[in-house]
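Everything on this sheet refers to the single structure shown next.
The values are calculated or read from the model by the stated rules, or taken from the named source; none is laboratory data. Computed from a prediction, not measured in an experiment: that's the story for all the values here. Backbone-built Cβ (ideal geometry, glycine too); neighbour counts: all protein chains shown.
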Amino acid sequence: MMKSSLARTIVVSGVVALSGCSSVMTHTGGQEGYYPGTKASYEMLTDDGTSWGYKPFVALDMPFTAVMDTLLLPWDMFRDDKSVKARVEASERKNLATNSVIPPA
């Protein structure tokens, strides 16, 4: 009885730890927006450059990724990207707005 319970706990923990891989990768990679992991999985499934051997794993992981993205939805709503890339893009948008008002010399 005890061994069965321990084995079940280990299997469930492994499935939970390995599920939602795309969601975890996109959230730690700095991608913004809602459901970034699900979008990434969909893009991999529809991309012709993705290996045929990799697509079944992506398809198997996609429902778990959608669940993980749903659980992380509040995080996505309040997250503010402070990366260097985001700051540079914000600066470029600001300068472009300024330059569109002020004609070049």
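Does segment 65-77 contain at least one residue that is farther than 17 Å from GLY20 by Cβ and modelled with pLDDT under 85?
Residues of segment 65-77 farther than 17 Å from GLY20 by Cβ: 77.
Restricting the remaining residues to those that are modelled with pLDDT under 85 gives 77.
Looking for residues that are farther than 17 Å from GLY20 by Cβ and modelled with pLDDT under 85, one finds at least one in segment 65-77, hence yes.
Filter segment 23-39 down to the residues that are without any contact (Cβ under 8 Å) to a residue 24 or more places away in the chain and within 18 Å of VAL67 (Cα to Cα) and list them by number.
MET25, THR26, THR28, GLN31, LYS39
Which pairs turn up if I take residues in segment 42-67 that are part of a helix (DSSP H, G or I) and look for partners that are loosely packed, with under 12 Cβ neighbours inside 10 Å and not charged (D, E, K, R) with beta carbon separation below 8 Å, at least 6 apart in sequence or on another chain?
MET44/TYR54
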